[in-house]
Amino acid sequence: MTKVILYNYTALIGHQGCSLVARQIQQLADGIGLQFIARLSVKTPLRDDWAPGTGLLLVNGEGTLHSDSGGAFAIAEAGRWAKANNIPSALINTVYQDNSAEIAEGIRCFDLVYARDPLSQAALLDDKIQAQLAPDLSLSMDKNQYLPEVTAEDRSTSSILVTDSTRKDIARQLFSLAQREGL
């Protein structure tokens, strides 16, 4: 079994979409014999003493790599860490938008990069980062495993679909909208 550090473990955020993606990553990893030895948020700096015994750094880009955010810098640094420690690395399920040359340089350190949408793939390619397109991991889920069955009686006649947000202020507004609309 390959021992893996999963970085940008977004299930810690408390956002439903992030939690579902984290479960999907776990399920897919189990299916190919990957064993997570650590699941870390982007707020946890990688340490060199973790390198021995690590066979892969797997980074979940999700919605983090944009606008030179703190998380984007942390992910770029994770790529540098893996390269410096001769650990194979993969950046998966990522968006990529409006990042500086410093971020791009760190992302180039990854052995494999998978963008989850064509615009992100194009932005990566513009920054001279080889990137493959692989749709958002949430689209590969067996919806029956994670989501409750929705019956005809559960469906609203509204054409509005309300989701959630990682930003608590927006999540509250979305919840209020759903309540007002009877969704």
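Computed over the Cα atoms of segment 1-136, pair by distinct pair, the Kirkwood hydrodynamic radius stands at 14.6 angstrom. From the cross-link list Lys43/Lys128; Lys83/Lys168; Lys3/Lys128, which pairs have alpha carbons spaced over 32 Å apart? Table pairs above 32 Å Cα-Cα are Lys83/Lys168.
Classify segment 64-117 as rounded, prolate or oblate from the Cα gyration tensor: take a ≥ b ≥ c as the square roots of its eigenvalues, call it rounded if a/c is under 1.5, otherwise prolate when a/b beats b/c and oblate if not. The partial results should precede the final answer.
On the way: a/c = 2.15, a/b = 1.34, b/c = 1.61.
Oblate, since a/c reaches 1.5 and b/c is not below a/b.
Amide H contacts of Glu62 (H built 1.01 Å from N, in plane; Pro and chain starts excluded): Thr94, Val95 sit under 5 Å, all sequence-distant by 5 or more or on other chains. A Förster radius of 30 Å, combined with the Cβ-Cβ distance separating Ala122 from Ile13, puts the computed FRET efficiency at roughly 0.65.
Determine the dipole magnitude for segment 1-103: charges of +1 sit on the beta-carbon of Lys and Arg, -1 on that of Asp and Glu, nothing else is charged, the reference point is the Cα centre, and the result goes in debye to the nearest 20.
Values: 7 positive and 8 negative charges, 59 e Å.
Taking the Cα centre of segment 1-103 as origin, the dipole is about 280 debye.
Could you tell me what percent of the accessible area of segment 1-110 is made up of carbon and sulfur, with a 1.4 Å probe and every protein chain present? Let's see the in-between values first.
Details: 2590 of 4900 Å².
Whole-percent figure for carbon plus sulfur exposure: 53.
Taken along the Cα-to-beta-carbon direction at a fixed 7 Å, the label points for Asp68 and Leu139 span 3.1 nm.
For the peptides 37-46, 171-180, the ranking by packing is 37-46, 171-180, with the highest mean count of neighbouring Cβ atoms within 10 Å listed first. Inter-label distance, Arg47 to Gln132: 3.4 nm, where each label sits 7 Å from its Cα along the C-beta direction.
The values are calculated or read from the model by the stated rules, or taken from the named source; none is laboratory data. Quick caveat, the model's predicted, so the values are computed rather than measured. Every residue, glycine among them, receives a Cβ derived from its backbone with ideal geometry; neighbour counts consider all protein chains shown. Only protein heavy atoms, including side chains, enter the accessible area calculation; ligands, DNA and RNA are left aside. Shrake-Rupley method; radii C 1.70, N 1.55, O 1.52, S 1.80 Å.
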